[in-house]
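Before any comments, here is the structure.
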Amino acid sequence: MADELSRLKPVPGSQTSRTRIGRGQGSGLGKTAGKGTKGQQARAGKGKRFGFEGGQMPLQRRLPKVGFRNINATDFEVVNVAKLNSLPAGTAVTGVSLKAAGIISRIGRDGVKLLGNGELSVKLTVQLEKVSASARAKVEAAGGAVEGGE
């Protein structure tokens, strides 16, 4: 086994010596070293920064600035009290249960907020991140309870 490993050689043609550029006319890549004659590309330290357009005003500076993204914005999915009538009595209302019931399509980054639009006739336990004052009053008037929520 050791004898065979010591005789291993690379496949012919798989390894080539590197091209030594700028080493005289006879090398085939002497004088200008494959960089052509003069100009920006022939200079030392060649390379342009991202977005550079040869001195022309770059596209990202020609286009107008648009929009604003408020990093402090809140993202709640809102649900009105009237939508909760489709749930069975005694249900614990959470963001996950509302999504499973098809009442909401997504849960907001900050959760779900219950608003007081409409009437409620089912006794429920609401466990949401935010509940408006009118929604809280309607849930409690229907015999339900609100746990948490501001």
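The values are calculated or read from the model by the stated rules, or taken from the named source; none is laboratory data. This is a predicted model, so every value here is computed, not measured. Because the Cβ atoms are built from the backbone with ideal geometry, glycine has one as well, and the counts that use them run over all protein chains shown.
Things to note:
- Among the residues of the range 116-150, those identified as among the charged types (D, E, K, R) and either free of Cβ contacts under 8 Å to residues at least 12 places away in the same chain or touching a helix residue (DSSP H, G or I) at 6+ places or on another chain (Cβ under 7 Å) (or both) are E119, K138, E140.
- Residue within the range 62-76 that is surrounded by 14 or more Cβ atoms within 10 Å (Cβ to Cβ) and under 30 Å from A142 (Cα atoms) present: yes
- Hits in the range 77-100 - residues which are over 23 Å from the mean Cα position of the chain (by Cα), in a helix (DSSP H, G or I), loosely packed, with under 14 Cβ neighbours inside 10 Å and of a type outside the set (S, T, Y): N85, A100
- Screening R61 against (1) assigned to a helix (DSSP H, G or I); (2) modelled with pLDDT under 90 leaves a single unmet condition, (2).
- Near pairs, Cβ below 6 angstrom, 6+ apart or cross-chain, from the range 101-115 (crowded, with 17+ Cβ neighbours inside 10 Å) to any residue that is part of a loop (DSSP other than H, G, I, E, B) and of a type outside the set (D, E): V112/L128; L114/L128; L115/S132
- Qualifying positions in the range 132-150 - in a loop (DSSP other than H, G, I, E, B) and within 12 Å of L120 (Cα to Cα): A142, G143, G144
- Hey, K48 over 30 Å from K35 (Cα atoms) and free of Cβ contacts under 8 Å to residues at least 12 places away in the same chain or not: no
- Of all residues making up the range 43-93, the number that are among the hydroxyl-bearing types (S, T, Y) and within 17 Å of G111 (Cα to Cα): 1
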